[in-house]
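**Student:** Okay, here's the structure, questions in a sec.
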Amino acid sequence: MPSVPGAQGPPPAPLWRRLSTPAGVLAAVAGAFAYVGIVDPNHPGHYPVCPLYRFTGLYCPGCGGLRSAHAFVHGDLPAALHDNAPAVAGYFLFAVLWAVWAARAWRGRPARLELGNAEMWVIGTLLLVFTVVRNLPFGAWLHP
């Protein structure tokens, strides 16, 4: 259907409605980080053990993620990077993407994140290389 010149679309949603989803996601993530900051994953019995590690002794790309989040919440960036560097990169990436999302919602624009095949392959390859290297003898420094 062709658009009529000078006609406007529907009025934008109220500001509170546009910001409610980004605010809810931020509250959920902050709550999760607060919980991990309070309940130390370095003490056994609080969280389940990674099934891949339990059955094979191999570290998956997520192994050490909770310890990394705990260290990050407590401001210990070197320990967070040691426990799981890709997770720390993910924390910063989430912060940037969330800020862009909230700014776009504030302005009444749709949130857009379009990852093509090339980007997905790059991310997957980086995680695969990280996983392989951390499980080789010379990659022991990447163990959580």
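The values are calculated or read from the model by the stated rules, or taken from the named source; none is laboratory data. As the structure is a prediction and not an experimental result, all values here were calculated from the model. Neighbour counts run over all protein chains shown; Cβ positions are idealised from the backbone, glycine included. These accessible areas exclude ligands, DNA and RNA; they are computed on the full protein's heavy atoms, side chains included. Shrake-Rupley method; radii C 1.70, N 1.55, O 1.52, S 1.80 Å.
**Student:** So, in region 28-41, exactly how many residues are out of contact with any His (no Cβ under 7 Å at 6 or more places or on another chain) and closer than 16 Å to Asp83 by Cα?
**Tutor:** 1
Rundown of residues vs (1) out of contact with any Phe, Trp or Tyr (no Cβ under 7 Å at 6 or more places or on another chain); (2) of a type outside the set (A, V, I, L, M), yes/no style:
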| position | (1), (2) |
| --- | --- |
| Pro51 | yes, yes |
| Thr56 | yes, yes |
| Ala80 | no, no |
| Leu97 | yes, no |
| Trp101 | yes, yes |
| Trp106 | yes, yes |
| Asn117 | yes, yes |
| Ala140 | yes, no |
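To keep it simple, each residue is scored yes or no on (1) modelled with pLDDT under 95; (2) over 30 Å from Ala140 (Cα atoms); (3) not in a helix (DSSP H, G or I).
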site	(1), (2), (3)
Val4	yes, yes, yes
Gly9	yes, yes, yes
Thr21	yes, yes, no
Leu26	yes, yes, no
Gly37	yes, no, no
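**Student:** Report yes if Ala85 is surrounded by 14 or more Cβ atoms within 10 Å (Cβ to Cβ) and over 19 Å from His143 (Cα atoms), otherwise no.
**Tutor:** no
**Student:** Does at least one position in region 107-126 carry a residue that is among the small types (Gly, Ala, Ser), in a helix (DSSP H, G or I), out of contact with any Lys or Arg (no Cβ under 7 Å at 6 or more places or on another chain) and modelled with pLDDT under 90?
**Tutor:** No - not one qualifying residue is present in region 107-126.
**Student:** Here's a follow-up. So, of the residues in region 35-61 that are open to solvent by 50 Å² or more (accessible area, probe 1.4 Å) and of a type in the set (A, V, I, L, M, F, W, C), which turns out to be farthest from the chain's Cα centre (by Cα)?
**Tutor:** Phe55
Here is a yes/no grid of residues against (1) more than 17 Å from the chain's Cα centre (by Cα); (2) touching a residue at least 60 places away in the same chain (Cβ under 8 Å):
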| position | (1), (2) |
| --- | --- |
| Leu77 | no, no |
| Ala80 | no, no |
| Trp98 | no, yes |
| Trp101 | no, yes |
| Trp106 | yes, yes |
| Ile123 | no, no |
| Leu127 | no, yes |
| Val133 | yes, no |
